[in-house]
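Rule-based calculations on the coordinates, nothing more; no lab input. Note that the structure is a prediction, hence the values are computed from the model and not measured. Here the Cβ positions follow ideal geometry from the backbone for every residue, glycine too, while neighbour counts run over all protein chains shown.
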Amino acid sequence: MKITNFKAKIIYYPVITLFLLSLVSVIASCGPLKPKYTDLRKIPATAEGKRKRNIEEGRGFRAMGMFEKNKSSGNFEFASSNEMWRATLDLLDFTPLSNVDYSGGIIITDWFSESSDQDPIKITVRFLSNEIRADGLKIIIHKKICKKINDCKIVKIDSTLGQEIKLAILKKAAIIKKFDGPDIVPYSSTGAGRDAPASN
């Protein structure tokens with residue numbers, strides 16, 4: 001619609017402008033565009049307090065949560081500092097992995113076998129705790145038994161292999177924890193960068 005009359009333009013544009021302004025105010029007054037009232041007295045002043053509040057409200061995660069003293073068994077640390085996780089990856093590095101989910105606490109290998117005449121197996125490692133203990137791991141082993149190419153059956157097997165894998169992971173994790181601890185050099189008043197005390 002083209003407006004050529006000057007009087008019609010003077011009436012038309014303010015009406016459209018008024019309509020758009022009222023539409024914007026209605027949209028802004030209800031729903032996601034409504035300004036949120038915040039009381040500055042209820043917002044923590046320190047960064048630590050803000051992080052804690054965000055975590056309580058479910059708006060963040062704790063990157064430094066691993067350094068807290070009271071850790072629950074469901075609170076997983078970063079993969080690089082979790083000895084059980086690192087030990088499992090080191091132990092299973094001979095086979096391709098199909099699923100590695102640190103936040104879910106699970107590692108699943110792909111189907112593999114040592115030779116062509118053996119039935120392939122799949123190993124699932126579930127982490128139930130960060131602590132190095134036998135009940136912190138669950139090892140599940142599945143075997144694929146194939147009579148023909150497309151006629152395969154997958155069964156869960158209970159063998160000593162699961163216990164052997166669990167024991168190997170626990171031993172490796174204990175070694176990693178022992179030798180990969182923080183390298184803390186004890187303080188010395190005469191150490192590097194210090195002058196030796198004057199002798200009398």
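Table for the structure above
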item	result
Neighbour-count order for V155, V125, fewest beta carbons within 10 angstrom listed first	V155, V125
Where trypsin sites (Lys or Arg not before Pro) fall in DSSP loop in region 93-159, at most 14 other Cβ within 10 Å	R133, K147, K148
Kirkwood Rh and Cα Rg combined as Rg/Rh, region 79-179	1.01
Burial ordering of W85, W111, fewest other beta-carbon atoms within 10 Å first	W111, W85
Listed residues L89, S115, F127: farthest to the positive end of the dipole of region 74-175 (Cβ charges)	S115
